[in-house]
Amino acid sequence: MYKVIKDFTDKNSASADPTGQKHIYWSGDNYPFKNYLGSKTKARVEELVNGGFIEAVEESNEEVEADGNNED
């Protein structure tokens, strides 16, 4: 999981809402806000990490349970 550490507008058109506005990430948001084509490619994640926009964080048990990905 990644957290946004610097505000940015997503350049990927797949992040756009129905009106065509691209998603804006605010500091503290999770990245990506939804899974869309290209959001988690190695190159894209490296670009955002190296640019100082996001950082990797460990998921808490509560977040895993909310996602339904717990292994219990």
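The values are calculated or read from the model by the stated rules, or taken from the named source; none is laboratory data. Predicted model only: the values in this text are computed from it and were never measured. Reconstructed Cβ throughout: ideal geometry from the backbone, glycine too, with neighbour counts over all protein chains shown.
So the values come out like this:
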{"item": "Failed condition for residue 14, given (1) surrounded by fewer than 14 Cβ atoms within 10 Å (Cβ to Cβ); (2) modelled with pLDDT under 95; (3) of a type in the set (A, V, I, L, M)", "result": "(1)"}
{"item": "Residue in region 35-57 that is outside any loop (DSSP other than H, G, I, E, B), modelled with pLDDT under 85 and more than 17 Å from residue 15 (Cα to Cα) present", "result": "no"}
{"item": "Neighbours by Cβ (under 9 Å, 6+ apart or cross-chain): first from region 27-48, closer than 18 Å to residue 7 by Cβ and in contact (Cβ under 8 Å) with a residue 24 or more places away in the chain; second assigned to a helix (DSSP H, G or I) and of a type in the set (Val, Ile, Thr)", "result": "31/45; 39/45"}
{"item": "Scope region 7-31; condition out of contact with any strand residue (DSSP E or B) (no Cβ under 8 Å at 6 or more places or on another chain) and assigned to a loop (DSSP other than H, G, I, E, B); matching residues", "result": "11, 12, 16, 17, 18, 19, 20, 21"}
{"item": "Selection count, region 1-25, where residues are more than 13 Å from the chain's Cα centre (by Cα) and either hydroxyl-bearing (Ser, Thr, Tyr) or closer than 13 Å to residue 53 by Cβ (or both)", "result": "2"}
